[in-house]
Number of protein chains: 2
Amino acid sequence: MHQSRPCRLAIFAATVTIIALSPAAAKERGGTAKPDQPMVNRIIDEGTNHSQVMVTVQHLTDVIGPRLTNSPSMRTAEAWTQRRFADWGLTNVHKEGFAFGRGWSIERSSVRMTTPRVVQLTAIPIAWTPGTNGTALSAAVIVAPMARERDFAKWRGKLSGKIVMLTRPGTGDEPAEPAFKRLSGEDIARLDRFQQPNYDPDAADRRMKRLDFSKKLDAFLKSEGAVATATMAYHDGKLVSGEGYLFGVGDTPALPGVQIAAEDYRRLARLAKAGPAPTLEIVSDVRFDDSDAQAYNIIADIPGTDPKAGYVMAGAHLDSWVAADGAADNAAGSAMIMEAARILAATGVRPKRTIRFALWSGEEQGILGSMAYVTRHLATRGSPNDPPQTGMQSYYGFSQKWPITPLPGHADLAAYFNIDNGSGKLRGLYAETNPAVVPIFRDWLSPFASMGASNVVLRPTGGTDHVFLQQVGVPGFQFIQDPLDYGSRIHHTSADTFDHLKADDMRQASIVLASVLLSAANADKALPRTPLPTKPVVTDPYGYSDDDD
Amino acid sequence: MHQSRPCRLAIFAATVTIIALSPAAAKERGGTAKPDQPMVNRIIDEGTNHSQVMVTVQHLTDVIGPRLTNSPSMRTAEAWTQRRFADWGLTNVHKEGFAFGRGWSIERSSVRMTTPRVVQLTAIPIAWTPGTNGTALSAAVIVAPMARERDFAKWRGKLSGKIVMLTRPGTGDEPAEPAFKRLSGEDIARLDRFQQPNYDPDAADRRMKRLDFSKKLDAFLKSEGAVATATMAYHDGKLVSGEGYLFGVGDTPALPGVQIAAEDYRRLARLAKAGPAPTLEIVSDVRFDDSDAQAYNIIADIPGTDPKAGYVMAGAHLDSWVAADGAADNAAGSAMIMEAARILAATGVRPKRTIRFALWSGEEQGILGSMAYVTRHLATRGSPNDPPQTGMQSYYGFSQKWPITPLPGHADLAAYFNIDNGSGKLRGLYAETNPAVVPIFRDWLSPFASMGASNVVLRPTGGTDHVFLQQVGVPGFQFIQDPLDYGSRIHHTSADTFDHLKADDMRQASIVLASVLLSAANADKALPRTPLPTKPVVTDPYGYSDDDD
């Protein structure tokens, strides 16, 4: 893998390895530190009266736009964020590459029903599917849901020349909760529970088979002479998202695919049932870019004064889906990370530990960027004889690989904090079933009670970039955030634009994050760790929470 | 105006005029009647076990689609609904024409931002605006909100060659209520209040001036060399609606107009502010049809046995906007009306009074269809010397015209019931500040307590086809309906499709409506009337309720 600049921390790493590998010694290093109150005030001033967070996130969303991993816009974002970090005086600013796949972007798209009447539908090309070669593809639809290979028999001989609708249409939703929500004290109290890890030994196999099936389905459709596929968006209310996972070089599906808004898809399905089957006209003008198959994480540091003290880190994924601008998911978190870096740099602080900022790539395709960071800097999983895995395979497979072998840098990372739950203000921290950190977190958050951010709860969270760090025994955490409308209508959808970000929340989050990082960097001892796992505990990194990414 | 078949009831009308014109006599005719219980059971059986309401509404929405007044689809719907009424054995099935304006429909539309980056936007041509002549119109945008003539000065000389964004972008919403809702007992109790009429003598003038302004704005934009207009959709969440009101022959605006989803519009506005102004590419392929400037209401009867007893009527507007299929607004109400007709016809019932079913046109452009029914059959307003009014003028002006002069048919209409609040089940009746009908309605609704439909509340409702009947002293009412997601995301929007209709609700509503109509038709006396208004009471027929159409 490519690393554009040498990672300074790798040097520190070797010096503290022996301590870190002993769980008992690691616990010794746990410790608390009250926040530095005058510094908290400087952080609040910088993050309030001189805030840049909305300027940053506006550029990321409105100007740069969606940042699909390896797309041209993501390349722009990779360069722009590095420049910003450098402008603000951070050091060791660089990108770290990892194997990923193809670049892909949408130039133009249109899906119309043309018979029995003309309707301009709401639809989006599915990520990494091929286009229609600059022309309009017209064909009748057929509703042919297929979920496993034995379903193929039913449709053999019936798909030639057809646009195949792959989703069962189902029925509409009846949303009984408000779309926009802030957490009450009761909501937060409900989060304060220890959760036993669940272990389903067959889950990974099932998921691998499903991945495998998507390629077999594509081959079957191609061999049957189908001309395109259509799936149904999973939100009602005309929102589309267009996720696709066949991003590897050589994995591109044979057929153009579109995701159609639920209302439009179900209309097609009803008309197809009543007959004659409607005709669709698909224009999907997409562009592949194979100039560089590597994806890149962005790294930037505020250097520490004690080379033996290791580092703390905060991260957010910079990549997004393309139905809108990836604002709440996750330009918001990226901008909070960048703003915390800017605030701390502006104060001229010299922390004991280095504070590292990471903007991950490939999160939406299986937490691949932070996984690459783990295997490069923290720990390897599995044996050299394991069959190689790529793309989503490596995501589903990572948790199944044994043994975990810490790298020299494993002990250096004293704490990792992730942001990936939208633009809502921080309400505190998830202690992630690590009760030993609870009193420490309470201390660190104590200046922010009046900002609503002083809660610490035990609940674990999943589905984003702290998970694979946690799995190899590094203390990785996520913040509690007000959900706003993230889960109800924004997450991955065509409505994920700057509009749905809340400036007051973004400023508060940047301030709290900066202060927590500084407390962690200056703490007498590194955070208490949970023991290094010796057997699988959780099969699905996406498996925990309601507000997962 | 054109009437395709003679209206049989006009003959009855003359015979009862003298009674009707005396308020005291009219009150004499008020009276109650318990529902015919065996007939209620037959209605429930027919409407439950042999229901056709979802078949009807599926055809209106999926197959016929949106039914913009005078559009080709509305013509199809006018013919199809007459055939259905005739198939079911109704009599006097005919259409009644009234002066309206142009037909208009969308063939294809696309709005893309092409600089500073490419984004396929969510947008819709504004109804009755001209297209882009089969080509793509590309131009820079300028945000130039104008609300009155004095705003023109600020923008003079700056609009040439521009797409003018007319709406102030504002900020996003934070929906604190569930999108989908059923009425609780408490909700219904809150509706039970008498409401004083409010009279704002200047409101009509203000509205007339606003109408006038929209034409002056169009002329100004044209003279300045602007190339198109864009407005912002009023729902967040990527919903569009595309209402437009310049439908008269000769009223068509000079410039193509598009309504852009809020998220996409606000992004354009932010980029335009930061500069350079984004470029839009608009394709609006629309079609005008001037083959017949008349709109048509559809009428069908179940004849009464007593030619002196007059008639009762239920109505719903068949026309819709075009962003989706006009399902909840108001194919749902139309299908309930049709199903009540079918159910009653299927029972072979011979009511005392004729039961008339009306499907109105032009409701969305100012309640014009039922207004035409009023002036043809019930009462004229104003003097012959009043200046002629067309289109929306006639809507805003109607309530201001004095005197009200009842026609011979005025007394014949014993009760009118309107359906226009989505597909939610009926929860009872609004007595519309006519307390004398409350005990009668309670009797009529008594069999439906277990269906949740036995509530009677005094609250008035506005904004739809009972209003102009009420205003001339005819007892016109609307049903209380469960709101579902009508107000939150469906009303006029691109999500108003069959998906959001609830079959159980539609069946219940058809049953309750059929039974209420039969009770009204067989009542010993006609419903108590409020006195014929002698001065303006309400200036705005849209002015009352939260759940107006």
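Rule-based calculations on the coordinates, nothing more; no lab input. This one's a predicted model, so the numbers in the text were calculated from it and none came from an experiment. Note: ideal-geometry Cβ built from the backbone for every residue, glycine included; neighbour counts use all protein chains shown.
Which net charge results when you count Lys and Arg as +1 and Asp and Glu as -1 among the other residues whose beta-carbon is under 14 Å from that of residue A:371?
-2
Determine by what factor the alpha-carbon radius of gyration of segment B:396-549 differs from 2.2 N^0.38 Å, reporting the quotient. Mind showing how you got there, number by number?
Values: Rg = 16.1 Å, N = 154, 2.2 N^0.38 = 14.9 Å.
Ratio of Cα Rg to 2.2 N^0.38 Å: 1.08.
For every helix of n ≥ 4 consecutive DSSP H residues, a contribution of -39,500 (n - 2.57) applies; sum these over the protein assembly as shown, divide by its total residues, and give [θ] at 222 nm rounded to the nearest 500 deg cm²/dmol.
Estimated from H runs of four or more residues: -8500 deg cm²/dmol.
Work out the length of the dipole vector of segment B:53-171 about its Cα centre, built from +1 on the beta-carbon of each Lys and Arg and -1 on the beta-carbon of each Asp and Glu, and round it to the nearest 20 debye. Working shown, then result.
Numbers: 16 positive and 7 negative charges, 137 e Å.
About 660 debye.
Compute the helix-to-body angle for B:203-224: its Cα long axis versus the longest principal axis of chain B, expressed 0 to 90° and rounded to tens.
For helix B:203-224, the angle is close to 30 degrees.
For chain B, what number results from the quotient of the Cα radius of gyration and 2.2 N^0.38 Å?
0.98
Could you work out how far apart the two model spin labels at residue A:210 and residue A:187 are, taking each label as a point 7 Å from the Cα in the direction of the beta carbon, and quote it in nm?
Going by the 7 Å Cα→Cβ label model, 2.7 nm.
Given an 8 Å cut-off on Cα distances and at least 6 residues of separation, report the relative contact order of segment B:249-373 as a percent. Display every interim value, and only then the final one.
On the way: 135 pairs, mean separation 38.3, N = 125.
Once divided by the residue count of segment B:249-373, the mean separation gives 31 percent.
Shape of segment B:177-276 from its Cα gyration tensor (a ≥ b ≥ c, root eigenvalues): rounded if a/c is under 1.5, otherwise prolate when a/b > b/c, or oblate?
Numbers: a/c = 2.74, a/b = 1.42, b/c = 1.93.
Judged from the Cα gyration tensor, segment B:177-276 comes out oblate (a/c at least 1.5, b/c at or above a/b).
By count of other Cβ within 10 Å, fewest leading, how are B:290, B:443, B:496 ordered? Don't skip to the end; give the middle numbers.
Details: B:290 11, B:443 17, B:496 32.
Ordered by Cβ neighbours within 10 Å, fewest first: B:290, B:443, B:496.
Among the lysines, select those whose C-alpha is under 22 Å from the C-alpha of residue A:502, and discard any that sit fewer than 8 residues away in the same chain.
Hits, sequence-local ones excluded: A:181, A:425, B:238, B:273.
Looking at the protein assembly as shown, send over the antiparallel percent of its DSSP beta bridges, to the nearest 5.
On the way: 85 of 141 bridges.
Restricted to the protein assembly as shown, the bridges split so that about 60 percent are antiparallel.
What is the order of A:39, A:338, fewest Cβ neighbours within 10 Å to most?
Listing A:39, A:338 from fewest to most nearby Cβ atoms yields A:39, A:338.
Putting +1 on Lys and Arg Cβ atoms and -1 on Asp and Glu Cβ atoms, find which of A:492, A:426, B:448 reaches farthest to the positive end of the dipole of the protein assembly as shown.
The residue sitting farthest along the positive end of the dipole is A:492.
Within 10 Å of each residue's Cβ, count the other Cβ atoms and sort B:284, B:423 from fewest upward.
Final ranking by Cβ density, sparse to dense: B:284, B:423.
What is the distance in Å between the Cα centres of segment A:180-207 and segment A:472-519?
The distance from the Cα centre of segment A:180-207 to that of segment A:472-519 comes to 18 Å.
Sort out the exposed loop trypsin sites (Lys or Arg not before Pro) in chain B (DSSP loop, at most 13 other Cβ within 10 Å) and tell me the longest stretch that has none.
No qualifying site falls inside B:309-549, the longest such stretch.
Would you work out if segment B:140-210 is rounded, prolate or oblate? Take a ≥ b ≥ c from the square roots of the eigenvalues of the alpha-carbon gyration tensor; rounded if a/c is under 1.5, else prolate when a/b is larger than b/c, oblate otherwise.
On the way: a/c = 5.32, a/b = 1.74, b/c = 3.05.
In terms of gyration-tensor shape, oblate.
List the residues, sorted by chain then number, that are 5 or more residues from residue B:379 or on another chain and whose placed amide H is less than 5 Å from its amide H.
B:407
Considering only DSSP states other than H, G, I, E and B, which chymotrypsin sites (Phe, Trp or Tyr not before Pro) in segment B:180-263 qualify as loop sites with at most 16 other Cβ atoms within 10 Å?
Passing both the DSSP loop test and the Cβ count: B:194, B:199, B:234.
Give me the percent of DSSP beta bridges within chain B that run antiparallel, rounded to the nearest 5. It would help to have the intermediate numbers written out before the result.
Numbers: 42 of 70 bridges.
Expressed as a percentage, antiparallel bridges in chain B total about 60.
Distance between the C-alpha centers of segment B:390-462 and segment B:282-358? Whole Å please.
The two parts, judged by their Cα centres, are 16 Å apart.
Just tell me which aspartates and glutamates come within less than 18 Å, Cα to Cα, of residue A:154; anything on the same chain fewer than 8 places away is out.
Answer for residue A:154, where 18 Å is the Cα cut-off: A:218, A:224, listed by chain and number.
Assigning unit charges at the beta carbon (Lys, Arg +1; Asp, Glu -1) and nothing else, what dipole magnitude in debye, to the nearest 20, does the protein assembly as shown show about its Cα centre?
Here the protein assembly as shown has a charge dipole of around 460 debye.
Below 8 Å, C-alpha to C-alpha, sequence gap of six or more: please give me the relative contact order for segment A:310-381 in percent.
Taking the mean separation of contacting Cα pairs over the length of segment A:310-381, I get 40 percent.
Give me a comma-separated list of calculated 3J(HN,Hα) values for segment A:54-60, in order, Karplus coefficients 6.51, -1.76, 1.60 applied at θ = phi - 60°, integers in Hz, x for any Gly or Pro.
6, 5, 4, 6, 5, 5, 4
Sum up the charges of everything whose Cβ sits under 10 Å from the Cβ of residue B:393, counting Lys and Arg as +1 and Asp and Glu as -1, but leave residue B:393 out.
0
Relative to the longest principal axis of the C-alpha atoms of chain B, give the angle of the C-alpha long axis of helix B:332-347, reported between 0 and 90° and rounded to the nearest 10°.
So the helix axis and the longest Cα principal axis differ by about 20 degrees.
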